[in-house]
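Notes follow once the structure below has been shown.
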Protein chains: 2
Amino acid sequence: MSSKIRIAVDAMGGDNAPESQVLGGIQAARERYDEIEVLLVGDENKIKEIIKSQNCSLDNLHVINATEVVTMHDSPSDAFKTKPDSSLTVGMKLQLDGKADALISAGNTGAVLSASTLMLGRIKGVSRPTIGSLFPTETGRTMMFDVGATVDCRAKHLLEYAQMGSIYMNYIYGINNPRVGLLSVGEEKSKGNDLTLETYKLLEESGLNFVGNVEGRDVLKGSTEVIVCDGFIGNVVLKFAESVLDLLRAKFRQYAAKSLWNKFRVALSYGTLKEAIQDFDYQWYGGVPLLGVNGITIIGHGKSTPLAVKNMIIRAQETVSRKVNEKISEAIKTN
Amino acid sequence: MSSKIRIAVDAMGGDNAPESQVLGGIQAARERYDEIEVLLVGDENKIKEIIKSQNCSLDNLHVINATEVVTMHDSPSDAFKTKPDSSLTVGMKLQLDGKADALISAGNTGAVLSASTLMLGRIKGVSRPTIGSLFPTETGRTMMFDVGATVDCRAKHLLEYAQMGSIYMNYIYGINNPRVGLLSVGEEKSKGNDLTLETYKLLEESGLNFVGNVEGRDVLKGSTEVIVCDGFIGNVVLKFAESVLDLLRAKFRQYAAKSLWNKFRVALSYGTLKEAIQDFDYQWYGGVPLLGVNGITIIGHGKSTPLAVKNMIIRAQETVSRKVNEKISEAIKTN
């Protein structure tokens with residue numbers, strides 16, 4: 001292998017695996033031929049068949065066999081142990097063995113989280129790894145940490161999320177000194193629950209660009225680039241956000257079904273709606289980072305398309321090349 | 001006064017007070033002439049002026065003078081004490097003195113909550129009063145408790161919310177044996193945080209129609225009529241939901257600004273969007289209930305229109321006539 005950045009792809013993880021994973025891997029290997037090696041991990045025969053169907057013979061595209069598959073029915077916490085020859089475990093092991101620089105997976109999120117945390121370990125000083133998720137805003141985008149890695153957080157965890165999130169938004173999205181907000185139920189310092197009141201003090205003294213509490217209504221306003229909260233609430237808000245669009249689509253359908261005239265108007269407007277809300281579309285973002293582990297893991301939506309997979313691979317490449325983990329390690333050391 | 005149900009209106013509370021409040025009061029008094037008395041509480045001169053401008057001479061419409069106004073800048077917890085002659089305090093006192101059966105207010109929510117809880121007291125056995133908020137769903141509507149009355153809940157509180165919420169949805173919305181969901185981060189019983197794991201057990205044994213955990217993505221799906229959660233998360237989700245629509249409107253505007261053709265399509269589709277999402281519009285719901293206090297309080301959005309105010313008054317009437325508090329008292333007694 002060369003000095004290119006090596007990205008392992010969990011080719012069996014995801015609703016449309018291995019198709020989406022292999023096609024996305026091919027696209028990334030082609031577009032970034034001089035920069036990356038793509039390691040497709042999973043059922044060798046199936047993967048090679050798809051590659052063959054694409055008439056692809058890129059020498060920066062590799063296949064690594066793994067005979068097992070972690071499914072949504074496997075226990076997240078120990079799937080990587082009970083299925084040692086799964087694409088997830090084998091892919092993760094590549095990082096451990098120094099044969100890959102990063103892993104991307106659109107499989108069972110809990111299993112990816114556990115495998116990453118327990119196999120790679122945490123960056124020294126990090127109490128809890130965190131999953132971030134990007135939200136579109138009226139002026140750009142903001143990333144919320146945590147959206148489900150830890151459901152009963154302490155103030156110290158939220159401080160670390162703010163530090164890691166600021167570094168990620170700085171080095172991956174090029175936002176200098178990102179504004180950090182603390183998700184709460186009122187703007188005033190005195191508003192919140194026990195966790196946020198304590199976290200507020202830590203953030204004030206953190207040296208980060210802390211802008212204070214943000215409310216639910218501020219998430220999409222564009223007043224922050226990093227929002228920190230307990231993983232329980234972050235997870236609820238993230239999943240709720242996705243479902244608002246589902247409801248709107250359902251309402252549009254119901255409205256269209258009422259009359260031919262309505263149908264006509266909806267037909268005309270549906271494209272507008274779609275284009276207007278495409279910022280909500282996960283596939284453009286290409287996965288979310290798991291920060292705080294001794295390695296790089298990018299987690300994708302189960303429904304990831306080839307485009308989303310390609311974007312995840314590029315995101316992983318950037319996270320490696322821009323030395324995000326080294327920056328995190330330095331920042332956390334000073335706590 | 002007659003045997004009609006007497007609804008006090010905090011005529012000075014709300015962004016468009018007293019106009020919206022007085023106009024809404026007049027509409028309600030007219031529509032329900034045989035059933036209700038409306039008591040408009042606030043600046044006598046201003047209120048009478050608006051009534052006069054409407055050529056209104058209904059004898060079930062009364063004005064009660066109050067010289068002070070609780071604003072958004074007043075401390076929620078003691079505004080009712082520091083401003084004893086405010087429309088809120090005077091209106092609440094009418095209930096205490098047996099001169100009104102309910103109060104509606106679109107003013108400072110925290111102040112209304114404190115005044116209600118501390119002046120009226122709690123129903124015997126209720127640990128914490130709760131504010132519910134209605135969400136549209138793909139098939140109907142569901143009400144979330146709590147959306148901000150208590151930010152650090154215990155399992156017992158959530159159980160009581162489920163009991164009170166079930167009664168409210170039954171007697172006010174006519175839903176027999178409403179389905180109760182517990183907001184969490186996974187459907188399985190084992191998923192959640194310390195609070196939800198403990199609450200799950202209480203709800204299982206409650207005799208309510210408990211359907212298990214619901215995730216953020218299920219809120220709008222229509223699989224429940226009552227959802228319980230900590231007031232911190234309920235408040236964040238409620239405010240977040242409101243802002244999604246703001247973001248969509250902003251995206252539509254940005255999209256329209258790109259070209260004349262886009263502008264044309266947005267113009268055609270905007271009405272569709274508006275009609276499709278009108279279920280999200282608070283004014284149709286007419287306020288949210290504060291449950292668990294020894295009296296009836298309906299809380300409105302600061303931006304309440306006359307229509308919203310009228311709906312709040314009707315909601316208050318129903319809450320009195322359908323004896324919601326008596327049912328709650330009976331249910332809680334058996335805990």
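Read the figures in this text as sums done on the coordinates, not as results from a lab. Note that the structure is a prediction, hence the values are computed from the model and not measured. A quick note on method: Cβ atoms are made from the backbone with ideal geometry, for glycine too, and the neighbour counts reach across all protein chains shown.
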Region B:1-73: Kirkwood hydrodynamic radius (Cα pairs, Å) comes out at 12.2 Å
Once the in-chain neighbours fewer than 8 apart are removed, the aspartates and glutamates whose Cα is under 14 Å from B:Lys4 read B:Glu31, B:Asp34, B:Glu35, B:Glu37, B:Asp59, B:Asp101, B:Glu318
Mean 1/r over distinct Cα pairs of the protein assembly as shown, inverted to a Kirkwood Rh in Å, yields 26.9 Å
Note, region B:74-79: 3J(HN,Hα) by Karplus (6.51, -1.76, 1.60, θ = phi - 60°), whole Hz, Gly/Pro = x, goes 6, 5, x, 6, 10, 4
By the Cα gyration tensor axes a ≥ b ≥ c (a/c under 1.5 gives rounded; else a/b larger than b/c gives prolate, otherwise oblate), the shape of region B:99-227 is prolate
Most exposed to least, judged by fewest other Cβ atoms within 10 Å, B:Thr71, B:Thr142 sort to B:Thr71, B:Thr142
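Please report A:Asp85, A:Asp10 as a ranked list, fewest other C-beta atoms within 10 angstrom at the top and most at the bottom.
Listing A:Asp85, A:Asp10 from fewest to most nearby Cβ atoms yields A:Asp85, A:Asp10.
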Taking a ≥ b ≥ c as the square roots of the Cα gyration tensor eigenvalues, with a/c under 1.5 meaning rounded and otherwise prolate when a/b beats b/c or oblate if not, chain A comes out oblate
Summed over the other residues with a beta carbon less than 9 angstrom from that of B:Asn335, with K and R at +1 and D and E at -1, the charge totals +1
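For the pairs A:Lys99/A:Lys156; B:Lys99/B:Lys310; B:Lys48/B:Lys310; A:Lys258/B:Lys189; A:Lys274/B:Lys221, note any where the Cα-Cα span goes beyond 29 Å.
A:Lys99/A:Lys156; A:Lys258/B:Lys189
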Once phi for every residue in region A:322-327 is put through the Karplus expression 6.51 cos²θ - 1.76 cosθ + 1.60 (θ = phi - 60°), the whole-Hz ³J(HN,Hα) values, with Gly and Pro written as x, are 8, 6, 4, 5, 5, 5
Percent relative contact order for chain A, counting Cα pairs under 8 Å at least six residues apart, stands at 23 percent
Quick calc: nm separation of the 7 Å Cα→Cβ label points for B:Lys156 and A:Lys303 -> 4.3 nm
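Can you pull out the trypsin sites (Lys or Arg not before Pro) in region A:226-269 whose DSSP state is coil and whose Cβ has at most 16 other Cβ atoms within 10 Å?
Taking region A:226-269 and a limit of 16 other Cβ atoms within 10 Å, the loop trypsin sites (Lys or Arg not before Pro) found are A:Lys258.
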Residue-normalised 222 nm signal for chain B, counting each DSSP H run of n ≥ 4 as -39,500 (n - 2.57), nearest 500 deg cm²/dmol, is -14000 deg cm²/dmol
The residues B:Thr334, B:Thr319, sorted from fewest to most surrounding Cβ atoms within 10 Å, come out as B:Thr334, B:Thr319
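Could you work out how much longer the chain between A:Lys46 and A:Glu326 gets when fully extended? Use 0.36 nm per residue separation minus the Cα distance between them, nm to one decimal.
97.1 nm
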HN-Hα couplings for region B:168-176 via Karplus (6.51, -1.76, 1.60; θ = phi - 60°), in whole Hz with x for Gly/Pro, come out as 4, 5, 5, 7, 8, 9, x, 9, 6
Looking only at aspartates and glutamates whose Cα falls under 16 Å of B:Lys52's and that sit 8 or more positions away or on another chain, we get B:Glu19, B:Asp43, B:Glu44
The rounded separation in angstrom of the Cα centers of region A:168-242 and region A:86-153 is 20 Å
Rounded to 0.05, the calculated FRET efficiency for the beta carbons of B:Asp78 and B:Ile172 at R₀ = 25 Å is 0.20
